[in-house]
Each structure stands twice: as structure tokens, then as C-alpha cells.
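The values are calculated or read from the model by the stated rules, or taken from the named source; none is laboratory data. Source: prediction; values computed, not measured. Methodologically, a virtual Cβ is constructed for each residue, glycine included, from the backbone with ideal geometry; neighbour enumeration extends over all protein chains shown. Side chains are part of the model used for accessible areas, which takes the heavy atoms of the whole protein and leaves out ligands, DNA and RNA. Shrake-Rupley method; radii C 1.70, N 1.55, O 1.52, S 1.80 Å.
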Amino acid sequence: MLHSAVLNVMIKAAHRAGRSLKRDLGEVEQLQVSVKGPGNFVTAADRRAEEIVREELAKARPAYGFLGEEGGVREGSDKTHRWIVDPLDGTTNFLHGIPHFAVSIALERGGAIVAGLTYNPANDELFVAERGKGAFLNNQRIRVAARRRVGDAIVGCGLPHYGRGDLRLSRYEIAAAQQNFAGLRRYGSATLDLAWVAAGRLDAYWERDLSPWDMAAGVLLLREAGGFATDLDGGEAIFAKGQIAAGNETMHRELVRLLREAGKEAAAPAAIAEAK
Ligand code: 2AM
Ligand code: CA
């Protein structure tokens, strides 16, 4: 496949940052046994990766704006273009030496994502998409799974992180998912979850409390692979609400329906009484 020049810039940046992260993962593995743990080292690895991505992208497109998880917002002189970057998505996995994390880079033009990339340096899987040109994993075209039977579906999700989110609601959602889908997975990297739905590995995925850089590239990958994504109410406000439900047309619709039902149950007076 022929990439556009801008996608080649993104790929080069992701490969460089990925090499740095892969090297650092080796060190993280050693640090598991130290009393201090790998926390500070991981923060530094994360920042280092963002700096590499930022530097590579700025070298090729110096006028573009930048929104990165580590570096915050930088206005560009070109107001129509902005990079949205998560240098290390799946930080908790990385911290534990689990080789499931990714560099995620998206390009926004006039408010729409036009190119996206998710790269897992641990297994060298590179997912890329450009608007209108389809989605690819290591140069092979990918499509969402064709599965239509909810009972056959393997579904990814996020769970509230320690001290955050609505635990009660999440238990109702998990229960509904367990009662309807073949199996649930919680892998810990939103951008890879979306890429995996795009590649037909997962049939659907949902998560809350996410940031734009967790989803920007993944949403384009998913849609270019023929998938559907909305917020959890089935609306367009994925980025405004920081939540996403994704899948092929059928699985996406069923997932949104199930989550809505679970939400009602969690809010029902009977359920509230039972929890007391
Ligand atoms: P991160 O690894 O870059 O933090 C996992 O459920 C997904 O949620 C990941 O994409 C992760 O991105 C994101 N996330 C957002 N807030 C988080 C938090 N407080 N703790 C862990 N993961 C978080
Ligand atoms: Ca992230």
C-alpha cells in the first residue's frame, strides 16, 4: 500500500518512540524486583517517548499544533492542523512489564481526524488509517469481524481505575455483558482495543473516562475498517463525553442497548435498596 507523506512522518515518529519504549521495557522488567519499583522510571520513559514523537513531527510539520498526554496543548501557527498524541497508551501494563501498550498518533484537520496510527513496539504491530483509504495492520487491509450473533462475541472493555469511576454502574454493565456475550476481555490500552476491533479480533469494545488521545487514532482505524463508534448513549459526543462503544453495526447496536438497560437497572430503586 502507498502511504501519504504525512502518514510516513507519523510512522517514523512512532517507530523511533517505540524503539525507546521497547528498550525501557527491558529496564522496567528489572525494576519489578526493586523496592522502589519502576514508577519514576516509567514516567521518564513516557516523557522521553512523547519528546521523540513531538520532535519528529515538528521537524516535518513545524506549524502544526500539538495535543499530547504528557505535554499538554501547544498552539501551532497553522490553526487547521493538530497532532493528537499518546506516547504510551497502556501505561499500567508497561509499568508491570506486560507487553501490551502502544504509541498512538492522530492528525486532526479542520476538527476531523484524517490520519491515525497505533503502534505496539513489543510485537511490532502497526495499525494505520487515513480517511477514505481503509485501515491496515502491517500493510495488510483489516476489516471489523462479520460476526452477527451476540452470543459468539468476544468483547473488550475498560473498568474504573482505582479510586475513580462509578463502580456500581460498572458492575451492572459487566453483569449484562457476561449474560449476553461469549466472553469479556480487559486489556488496558484503549487505542489497541479499538485497533483490535478494527482488525476483527474483538467484536466490540466500550470504555468510559477516556481522553481524546486515547481514542483519536483508534476511532479512525475502526471506521476505516467498516466499524461503528458512538458515545455510550449512541450519540456523536465520543470526545466531549470521553466514552466510546465500538463494533460492527450489529454488535455496536446491541452493546449500546445492553449498556443502556444496565444503566437503568443500576439506577432502579430496587437496585439501590438492595445495595444498602
Ligand atoms: P494510559 O495508559 O495512557 O493512562 C485503560 O483502561 C485505558 O484507560 C488506557 O487507554 C489508559 O491510558 C486510559 N486511562 C485513562 N485514565 C486512566 C487512569 N487514571 N489510570 C489508568 N488508565 C487510564
Ligand atoms: Ca492513554
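For Leu202, nonlocal amide neighbours, meaning residues 5 or more places apart or on other chains whose placed amide H falls under 5 Å from its own, are Val197.
When you filter the trypsin sites (Lys or Arg not before Pro) in region 87-194 for DSSP loop state and at most 13 other Cβ atoms inside 10 Å of their Cβ, you are left with Arg148, Arg149, Arg164, Arg186. Shape summary of region 1-119, radius of gyration then Dmax from alpha carbon positions: 15.0, 49 Å. Could you tell me whether region 152-263 comes out rounded, prolate or oblate from its Cα gyration tensor? Rule is a ≥ b ≥ c as square roots of the eigenvalues, rounded for a/c under 1.5, then prolate if a/b exceeds b/c, otherwise oblate. Rounded, because the longest to shortest axis ratio a/c is under 1.5. Straight Cα distances below 19 angstrom link Lys79 to the lysines Lys59, with same-chain residues fewer than 8 positions distant left out. Taking all protein chains in place and a 1.4 Å probe, what share, in percent, of the accessible surface of region 80-239 do carbon and sulfur account for? Its accessible area is 48 percent carbon and sulfur atoms. Here the convex hull built on the C-alpha positions of region 47-179 has a volume of 168 cubic angstrom per residue.
Considering helices alone, the calculated mean residue ellipticity of the chain at 222 nm is -14000 deg cm²/dmol, with DSSP H runs of length four and up weighted by -39500 (n - 2.57) and normalised per residue.
For the chain, give me the percentage of DSSP beta bridges that are antiparallel, rounded to the nearest 5 percent. Approximately 75 percent, going by the DSSP bridge assignments. All other residues whose Cβ lies under 15 angstrom from that of Glu75 are scored, Lys and Arg at +1 and Asp and Glu at -1, for a net of +3.
Across the chain, the longest piece that holds none of the GluC sites (Glu not before Pro) lying in DSSP loops with up to 13 other C-beta atoms within 10 Å covers 76-235. What separates the Cα centres of region 37-93 and region 204-235 is a distance of 20 Å. Mean sequence separation of contacting Cα pairs (under 8 Å, at least six apart), scaled by the length of the chain, corresponds to a relative contact order of 15 percent. For region 80-180, the set of chymotrypsin sites (Phe, Trp or Tyr not before Pro) satisfying both a DSSP loop assignment and a count of at most 10 other C-beta atoms within 10 Å is given as Tyr162.
When restricted to Cα atoms, the chain yields an Rg and a Dmax of 18.8, 60 Å, respectively.
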